[in-house]
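Below is one structure, written out as structure tokens; the observations come after it.
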Amino acid sequence: MPEPAARPSALDTKKSVMLGLLGLAVVVLIFVRLIPQIGSYHDAITSLKAMTAGAVACVVVSVLVYLAAYGLPFLAATPGLSYWRSQQLNQGAFAISNGVPAGGAFGLGVQYAMLASYAMGPTVSTAAITAVGVWSIFVTLGLPIFGVAAILLSGHGASSYLLTAVVSLLVLAVSIVAFALIVRSADAARRIGSIGNRIAAPIAGRSRKGHSVDVVPAALTFRSDISGLVNRRWTAITGSQVSVSITQFLILYMALRGVEGWAVARTSLLVAFGAFAVAQIGLMIPITPGGLGTVDAVMIALLTAMNVNAGAATAADLVWRAASFVPQIVIGIVALITWSRQGVRPGRVGSP
């Protein structure tokens, strides 16, 4: 007799809760035990209290610029989608992915549902979601490379970070080459799928269920869904994803200058960008949502290693994290509520 349909869902829910609790425990451990060893909350509070109204205004403006840029990726990747719908889609997905325990998969489902409500077909939706996700990974892998270069140009030693840059460069290069080959031809997609089968076979064989894995159909489906979009819009998608990262860095830089004092330029742009960019590798650790805690610890450690005051580094990170995280959660919740109540009727795609 077949298993009840609800049982797998309950198992997934249990796993999601367990992963969420694990992520929460890691975040608490990092902020309570690790960061005080490399930063200073006491000095951070002092620095925050010393921020002028002008410095706070600069942070607010940078947050608004970042929020505006966050609506660009799906605008670039989805033909016919308006900017405001793109904002609603991306902000809603952010709120779910970062506010719900192990919410990545749930957020993906909501993205599909939102695009369907905007009268976007399954092929267009899959291509857009895939392109935005893939380009986000590309940018995350590319930032540490530019970060190490910035640290070197700033005059600080970067030998301890070179391994991170090299690994990121290799993974990025392999990913881009494989992606380009898959998009270029079906034969290349089959060959790369076959390579994936050989890599996945030993891992799949050790699993408890021992399921066989065939990557070839997935590679071919991936190609058919995304090749046309990439060929037409890869520059716009790249620019939109880079703008999100650059404007997020702008928040950190404004916060750092604000807590240090605008009268004297203490931390150079290269140092700040180097710390921000290298720390983004923490996003690849999927334990905590949005690199919460992992990115922060690496960023504070890098800033203090490059002679930034520990209190200022901690304060700037806290401002950056709160300013780039809390508003998006709130906006995302509003976006989801608005979408669920109003939706979009066919024939009104892109209407605000």
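The values are calculated or read from the model by the stated rules, or taken from the named source; none is laboratory data. For clarity, every value in this text was computed on a predicted model and none was experimentally measured. Don't worry about glycine lacking a Cβ; one is built from the backbone with ideal geometry, like all the others, and counts go over all protein chains shown.
Is it the case, given these coordinates, that Tyr112 is part of a helix (DSSP H, G or I), under 30 Å from Trp262 (Cα atoms), of a type in the set (Phe, Trp, Tyr) and modelled with pLDDT of 60 or more?
Criteria not met by Tyr112.
Does region 279-292 include one or more residues that are closer than 19 Å to Pro144 by Cβ, modelled with pLDDT of 85 or more, in contact with a helix residue (DSSP H, G or I) (Cβ under 6 Å, 6 or more places away or on another chain) and in a helix (DSSP H, G or I)?
So far as region 279-292 goes, yes, one or more of its residues are closer than 19 Å to Pro144 by Cβ, modelled with pLDDT of 85 or more, in contact with a helix residue (DSSP H, G or I) (Cβ under 6 Å, 6 or more places away or on another chain) and in a helix (DSSP H, G or I).
Only one residue in Gly239, Gly258 is assigned to a helix (DSSP H, G or I) and surrounded by 21 or more Cβ atoms within 10 Å (Cβ to Cβ), so which one is that?
Gly258
What's the number of the only condition in (1) within 19 Å of Arg341 (Cβ to Cβ); (2) at pLDDT 85 or above that Ile96 fails to meet?
Evaluating Ile96 over (1) within 19 Å of Arg341 (Cβ to Cβ); (2) at pLDDT 85 or above leaves (2) as the failure.
Do we find that Leu250 is touching a helix residue (DSSP H, G or I) at 6+ places or on another chain (Cβ under 9 Å), modelled with pLDDT under 90 and in a helix (DSSP H, G or I) in this structure?
no
Is it the case that Ala315 is modelled with pLDDT of 85 or more and touching a Leu at 6+ places or on another chain (Cβ under 7 Å)?
yes
Please give the number of the condition Ser268 fails out of (1) surrounded by 19 or more Cβ atoms within 10 Å (Cβ to Cβ); (2) touching a residue at least 60 places away in the same chain (Cβ under 8 Å).
With respect to (1) surrounded by 19 or more Cβ atoms within 10 Å (Cβ to Cβ); (2) touching a residue at least 60 places away in the same chain (Cβ under 8 Å), Ser268 is out only on (1).
Could you tell me whether region 144-155 includes any residue that is polar (S, T, N, Q), assigned to a helix (DSSP H, G or I), at pLDDT 65 or above and closer than 25 Å to Ile246 by Cβ? Give the steps one after another, and end with the answer.
We begin by selecting, within region 144-155, every residue polar (S, T, N, Q); these are 154.
Still in the running and assigned to a helix (DSSP H, G or I): none.
Checked region 144-155: no residue is polar (S, T, N, Q), assigned to a helix (DSSP H, G or I), at pLDDT 65 or above and closer than 25 Å to Ile246 by Cβ.
Does region 114-128 include one or more residues that are surrounded by fewer than 17 Cβ atoms within 10 Å (Cβ to Cβ) and on the phi > 0 side of the Ramachandran plot?
Within region 114-128 (the criterion being surrounded by fewer than 17 Cβ atoms within 10 Å (Cβ to Cβ) and on the phi > 0 side of the Ramachandran plot), the answer is yes, since at least one residue qualifies.
Spot the failing condition for Gln241; the list is (1) at pLDDT 85 or above; (2) closer than 30 Å to Thr52 by Cβ; (3) not acidic (Asp, Glu), and only one is missed.
(2)
Could you check, for region 64-81, whether at least one of its residues is surrounded by 22 or more Cβ atoms within 10 Å (Cβ to Cβ) and more than 21 Å from Thr235 (Cα to Cα)?
Within region 64-81 (the criterion being surrounded by 22 or more Cβ atoms within 10 Å (Cβ to Cβ) and more than 21 Å from Thr235 (Cα to Cα)), the answer is no, since none of the residues qualifies.
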